[in-house]
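Asker: Just passing along the structure, written as C-alpha cells.
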Amino acid sequence: MSKFVKGLVQEQFEQRIAKDSARDFLVVTTMGIGGVDNNVMRGGLKEKGIKLAVVRNSLFRKALSNQGLDKAGVLFEGQCAIAYGGDSIVDVAKQIAEWAKKVTALQVKGAFLEGDVLDADSAKVLATMPNRAEMQGQVVMLANSPGRKIAGAITGPGGIIAGCIKAIEEKKEKEAA
C-alpha cells in the first residue's frame, strides 16, 4: 500500500472516530468466519445500526493517537475489527455476544469505553448490563414509586372515610323509608 493510500485510509479512520460515534467501540476478531456467515452477520448488525469495520492496526493506532485516544492502541494485536454504533456500546456488546453464539469464530478481544480500555472478559460483561433505554425505564420507575406510595397513602384513608359516609347515608335512607 502506498503512502498516499495509507494516508487516505488513516484519514477515514480519524473521520469515523470523530464523526461516526466510534469513540466507544468493541474490538473483535473475525478470522475464520466464512463469507456467507460474514455477510449475514454484517447485515443483521446493520439492521440494528451497528457497523463492523476491519482495520489495519498500525493505521488505526495512528488515527487513535491523532484523536487523543492513545490508550486504545493496546487492543490492536493480530487481525482486528471494530464494532461501533447503535444507541450505546452496551447495545453493540449485546448484539456481538448474540452473534458470537451463532458464529463461533467471532471473538471479543476487548473494548474502549469512555477513555478506558477493557479486556475481553470485561467487554463481555457489557452485554449483561442494561442499555440506555432499559436504564431510563428503571430511573422513571424509581422516580414514580414514591409518588405512587404517597397517592396510595392519601387516597387509602380518604376511601375508607368515603365508604363510611356512604354506608351511613344508605342507612339513613333505609330508616327514612
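Asker: At 1.567 mPa s and 4 °C, plugging the Kirkwood radius over alpha-carbon pairs of the chain into Stokes-Einstein gives what diffusion coefficient in µm²/s?
Answerer: 66
Asker: While we're looking at this one, here's another question. From the phi of every residue in the stretch 121-134, what ³J(HN,Hα) in whole Hz does the Karplus formula 6.51 cos²θ - 1.76 cosθ + 1.60 yield, where θ is phi - 60° and glycine or proline is x?
Answerer: 5, 5, 5, 5, 5, 4, 5, 8, 7, x, 7, 4, 5, 5
Asker: Taking the chain as the reference, fit the longest principal axis to its C-alpha atoms, fit the long axis of helix 89-102 to the helix C-alpha atoms, and give the angle between the two in degrees, 0 to 90, nearest 10.
Answerer: Taking the Cα atoms of the chain, the angle to 89-102 is about 70 degrees.
Asker: How large is the accessible surface per residue of the stretch 76-161, computed with a 1.4 Å probe and reported in Å² as a whole number?
Answerer: With the other protein chains kept in place, the stretch 76-161 gives 59 Å² per residue.
Asker: Using all Cα-Cα distances in the stretch 76-140, what percent lands in each 5 angstrom bin from 0 up to the longest?
Answerer: Final binned percentages: 4, 17, 26, 28, 15, 7, 3, 1, 0.
Asker: Please give the peptides 126-137, 89-100 ranked by average Cβ packing (other Cβ atoms within 10 Å per residue), highest first, as a rough proxy for protection.
Answerer: Result, highest mean Cβ count within 10 Å first: 89-100, 126-137.
Asker: Could you calculate the FRET efficiency of ARG148 with GLN15 from 1/(1 + (r/R0)^6), where r is the beta carbon distance between them and R0 is 41 Å, rounded to 0.05?
Answerer: 0.25
Asker: Hey, what do the phi angles of the stretch 159-173 turn into as Karplus ³J(HN,Hα) couplings, whole Hz, using 6.51/-1.76/1.60 and θ = phi - 60°, x for Gly and Pro?
Answerer: x, 5, 5, 4, x, 5, 4, 5, 5, 5, 4, 5, 5, 5, 5
Asker: I'd like the carbon and sulfur percentage of the solvent accessible area for the chain, probe radius 1.4 Å, heavy atoms only, ligands and nucleic acids excluded.
Answerer: 57
Asker: Another question, if that's okay. Please state the shape class of the stretch 30-133: rounded when a/c is under 1.5, otherwise prolate if a/b exceeds b/c and oblate if not, all from the C-alpha gyration tensor.
Answerer: In terms of gyration-tensor shape, oblate.
Asker: Could you tell me which of rounded, prolate or oblate describes the stretch 58-106, using a ≥ b ≥ c as the square roots of the eigenvalues of the alpha-carbon gyration tensor, with rounded for a/c under 1.5 and, failing that, prolate when a/b is larger than b/c and oblate otherwise?
Answerer: oblate
The values are calculated or read from the model by the stated rules, or taken from the named source; none is laboratory data. These numbers come from a predicted model, not from an experiment. Neighbour counts run over all protein chains shown; Cβ positions are idealised from the backbone, glycine included. To get the accessible areas, we keep the full protein, side chains included, count just its heavy atoms, and leave off ligands, DNA and RNA. Shrake-Rupley method; radii C 1.70, N 1.55, O 1.52, S 1.80 Å.
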